Every structure is written in structure tokens, then in C-alpha cells.
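Values in this text are rule-based calculations from the coordinates and carry no lab data. Small disclaimer: the values here were computed from a predicted structure and weren't measured. Here the Cβ is made from the backbone with ideal geometry for all residues, glycine too, and neighbour counts use every protein chain on show.
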Amino acid sequence: MFCFESHIRVRYGETDRMGYLYYGHYPEYFEVSRTDMIRSFGLSYKEIEEMGIIMPVRSLRVDYRIPAQYDELLKVRSCLKVLPEIKLDIDYEIFNEQDKLICTGNTILAFVDVRTRRPRRAPEFFLEKVRQYF
């Protein structure tokens, strides 16, 4: 298993009239943390795409508990619990400054060949970076 933490401050433009983080931004925060996690492996989405692999989101789940508020510094934890062989299955937890769990979620991304647009297994260059954690 591998977990990675990102920190994101809730910006004014991301809040609703109540001063809460608008619900549609939570998946964007998942994406920021997922991108940071991939960078921690020594890869970037851009490099992966240049190697002929795209990773569209196949499913998204978000469970809201308590709202995040304007100007809070949030901790977004992304966890890979299984080695990604045919899909990238990531669980998320978002905590507020008091370390209270405010949101959980999950995304499943497919590995897709950019030329054929067909699903494929995780590329070996990706697995080489990730295997050490499993």
C-alpha cells in the first residue's frame, strides 16, 4: 500500500454563499493529490501521455461528512491499496485543520492506449515505479 498527502488551501472563489467549499471542487482536490502522488513516483501525467498512455476516470465516488470552509488548509490523502495492474484504484480522505475527516472518495482510472483508444494493462515503466510499495 502507498499513501501520499497533499495540502490545499480553500480559495474564496471555490466557496458557496455559506463560505463552504462548493461540493464540485472535492473531485478537483482528489485530482491534485493524485497528480502529486504520481509525481512522487518520479513520473508526471505529461510524461505518461507522451509514452502513449492516457488514464481517463472510469468512476468517481465522493462521500461528504462535514464542510470545508474558506481559507482552511486541507490535507488530502491519496492511497493505492492494490498494485495497479489493469486499473488505477485510488482512495481519498480529506481532513481539515483540526484533523477531522471531512470527505472520503474513490476514483478508478483506466489505462488506455492513446492510438487505439483501447484499454490495456498498466505499462511496465509505471509498474517499475510503484511495485516497491507492494
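When only Cα pairs under 8 Å and 6 or more residues apart are kept, what is the percent relative contact order across the chain? Let's see the in-between values first.
On the way: 255 pairs, mean separation 39.3, N = 134.
Averaging sequence separation for qualifying contacts and normalising by length gives 29 percent for the chain.
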Discussion item. Can you tally the net charge around L109? Count Lys and Arg as +1, Asp and Glu as -1, for every other residue whose Cβ sits under 9 Å from the Cβ of L109.
Written reply: +2
Practice prompt. Compute the long axis of helix 26-40 from its Cα atoms, compare it with the longest principal axis of the Cα atoms of the chain, and write down the angle in degrees, 0 to 90, nearest 10.
Written response: 50
Response to the item:
For segment 94-134, listing GluC sites (Glu not before Pro) in a DSSP loop whose Cβ sees at most 16 other Cβ atoms within 10 Å gives E97
Discussion item. Just want the ordering: S33, S44, from fewest to most Cβ atoms lying within 10 Å of their own Cβ.
Written reply: S44, S33
